[in-house]
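A.B. asks: Have a look at this one before I ask anything.
No lab work stands behind these numbers, since they all come straight from the coordinates. Please read these numbers as outputs of a predicted model, since none were measured by experiment. With ideal geometry, Cβ positions are generated from the backbone for all residues, glycine too; neighbour counts draw on all protein chains shown.
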Amino acid sequence: MTKYAWLGASALLFASCGSNDIVPVSLEAEGAKEAYIFRIDATQLVPWDTLYADGQFDTELPLDSTGTTFYVFAFDNNANIRLGIEAGDDIEGRVSVNETQITTYEIEGSELSEKMLAHYLPLRHTAMLMDSLTAEAAGFQGQPDAAERNAQLFARFQDRVARHKSELDEQLTADPGSLANIFAIFQAAGNMPLYNPQQDSALIRTLVDALNEKHPDHPLVKTFVQTVARP
């Protein structure tokens, strides 16, 4: 049985050598001793580096030829974050993880990374609620009114998903040409994608047009357009 059983069946849903091409990153990750870094290419994660430290990870990340490059940091304490870097960034941050392995982090010194954090916060809120509802459901499974109470939990979940999506909608429409939007549009709550190419076609078209105008040659934009255009 899945961790989120209360959802029910209906919920199953390179770089050059110039100093301007290098971005310093300093991350404090309490309890972590290793950080695995991957560069996000258009279709895959590319292993980039492994850092060994005792809670303080300092490195320099290169920009690729696009000038806007994305990385994943996965720590051995189960925390993980995405960073988007551009010329002139100087990133500092703090990363932690709770007992259910939901990451909490702060970041500064990079407009793009800060926008990705803003997109992540609604997702984190939803994930924490899901864990709370799951723990609540465990207390009454097998009781005569379990089905009714599961339905009540699912209603609370649906309400949160609607607010989650509304919060993201506001951010996406405020800056539709941001490359960070490509990651946000594929967020999911449990196994339920937040956005559907048919139901959300107007928003997706707005993003496609803005991204094509602002970043016409970026590989992530090309892959995004091809993905959302698939039948």
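A.B. asks: Taking square-rooted eigenvalues a ≥ b ≥ c of the alpha carbon gyration tensor, is segment 55-184 rounded, prolate or oblate, where a/c under 1.5 means rounded and, failing that, a/b exceeding b/c means prolate?
C.D. replies: oblate
A.B. asks: Answer with one residue from Ala184, Val95, Phe154: the one whose Cα lies farthest towards the positive end of the charge dipole of segment 84-231, charges on Cβ with Lys, Arg +1 and Asp, Glu -1.
C.D. replies: The residue sitting farthest along the positive end of the dipole is Phe154.
A.B. asks: Based on the Cβ-Cβ distance from Asp169 to Tyr52, what FRET efficiency comes out when R0 is 45 Å, to the nearest 0.05?
C.D. replies: So, using R0 = 45 Å, E works out to roughly 0.65.
A.B. asks: Additional query: For a distance above 15 Å, tell me the whole-number percent of Cα pairs in segment 19-109 that qualify.
C.D. replies: 56
A.B. asks: Tell me which of Ile40, Leu63, Ala29 sits at the most positive position along the dipole axis of segment 19-109, charges placed on C-beta atoms (Lys, Arg +1; Asp, Glu -1).
C.D. replies: So the residue furthest toward the plus end is Ile40.
A.B. asks: Under 19 Å from a point 7 Å along the Cα-to-Cβ line of Glu30: which residues of segment 102-135 have their amide N that close?
C.D. replies: What the label zone holds, given the 19 Å backbone N cut-off, is 102-108.
A.B. asks: What's the ranking of 46-55, 94-103 by average number of surrounding C-beta atoms within 10 Å, highest first?
C.D. replies: Listed from highest to lowest mean packing, they are 94-103, 46-55.
A.B. asks: Under the rule a/c < 1.5 gives rounded, and otherwise a/b versus b/c splits prolate from oblate, where does the chain land using the Cα gyration tensor?
C.D. replies: Since a/c reaches 1.5 but b/c is at least a/b, the shape of the chain is classed as oblate.
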